[in-house]
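Participant: If you scroll down you'll find the structure; I have some questions about it.
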Ligand SMILES: [Zn+2]
């Protein structure tokens, strides 16, 4: 098809050239030297044309390949997995971490037992809701199924504090940091000056693109009981999602773990975004429209890391599915043998995004938009944060 187009172009070019030549009387077709000149000029011109086409094709190819195959970048899920302490290596997820009295799932998400139970309950509600909708042969979930579901969920909640269900959801504003300020503290030892600088840089970039501020607090302020994130050394890279602080002595904190392999701008940004309230992009309730999960390629024990979260847990706020999100895992996440576990769909998305997912090195536009909507940022972005502690400097 391409050759045909090229031949057609050449033919048109030739006819045009002949036409111009004849019109201005420079083409005495009977003269053989003139014909030779014509042929030689034609060859030169066709050659130039080929060169131009070739150059264009190579330019086109280069620009397309750089955006489609950034294979040199290690997938973020791989970094997170490799950061896990081999001694404490987790064979199956979600796994219960006794020391934390919490569950770890999807490689780096921590959930309290309450949050985890509620997330599972939400998924069950979704399945039930789908089944009821199918039985009633309706797609109008809102009107015909909602009433029934409300009754079921009210019944299921009876006997337990109703706030539990609310607390588990990113939908719940209580899981957002009040006034878009996240108080944060870093462990006094185990982080080099360069580590601190890297984490500070990730925080500054978030503040520059959103209205979110970080408040650097010291031990004294932490002891006052202010809810905060504590950046600690430990096994792997992980964070709770949104405000999930718990009392520990005088302090009220939640850990954000960054072992030495996670202290990059990219992983620090990813974990800070979890702490601010973002889940993984491939867990979105609507993900089945955008990616195909190949269950048969998933390593045994990791299957539940690919659970689709309930819309009761994740509110995507109308933001389009974002393959370039720094919160997206790669095509081979938790693969048993290097085969694809996550594939963008349909074919055109697979073509463009198969090697893009999991390889973003900074927040995407979608990530920024999600944070801005979650934290009610003003519509005009300010690249000059007015945060009290900006530019951020952890104390030594
Ligand atoms: Zn993550």
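The values are calculated or read from the model by the stated rules, or taken from the named source; none is laboratory data. This is a predicted model, so every value here is computed, not measured. Note that we place each Cβ from the backbone using ideal geometry, even for glycine, and neighbour counts take in every protein chain shown.
Participant: For the stretch 76-101, give me each residue that is touching a residue at least 40 places away in the same chain (Cβ under 8 Å) and more than 18 Å from residue 233 (Cα to Cα).
Facilitator: 76, 77, 78, 91, 92, 93, 94
Participant: Here's a follow-up. Hey, among the residues in the stretch 94-127 that are in a loop (DSSP other than H, G, I, E, B) and within 16 Å of the ligand (Cβ to nearest atom), which one's farthest from residue 306 (Cα to Cα)?
Facilitator: Only one residue tops the list, namely 108.
Participant: Report the residue count in the stretch 271-288 for those that are in contact (Cβ under 8 Å) with a residue 40 or more places away in the chain and either within 11 Å of the ligand (Cβ to nearest atom) or surrounded by fewer than 20 Cβ atoms within 10 Å (Cβ to Cβ) (or both).
Facilitator: Selection size over the stretch 271-288: 12.
Participant: Quick check on the stretch 377-391. Is at least one of its residues under 15 Å from the mean Cα position of the chain (by Cα) and surrounded by 17 or more Cβ atoms within 10 Å (Cβ to Cβ)?
Facilitator: no
Participant: A further question on this structure: Filter the stretch 301-319 down to the residues that are without any contact (Cβ under 8 Å) to a residue 60 or more places away in the chain and out of contact with any helix residue (DSSP H, G or I) (no Cβ under 7 Å at 6 or more places or on another chain), then identify the one that is nearest to the ligand (Cβ to nearest atom).
Facilitator: Step by step, filter the stretch 301-319, then rank; the result is 306.
Participant: Has the stretch 325-347 got any residue that is within 16 Å of the ligand (Cβ to nearest atom), under 20 Å from residue 109 (Cβ atoms), over 18 Å from the mean Cα position of the chain (by Cα) and surrounded by fewer than 21 Cβ atoms within 10 Å (Cβ to Cβ)?
Facilitator: No: the stretch 325-347 contains no residue that is within 16 Å of the ligand (Cβ to nearest atom), under 20 Å from residue 109 (Cβ atoms), over 18 Å from the mean Cα position of the chain (by Cα) and surrounded by fewer than 21 Cβ atoms within 10 Å (Cβ to Cβ).
Participant: Exactly one of (1) over 21 Å from residue 274 (Cα atoms); (2) assigned to a loop (DSSP other than H, G, I, E, B); (3) at pLDDT 80 or above is unmet by residue 74. Its number?
Facilitator: (1)
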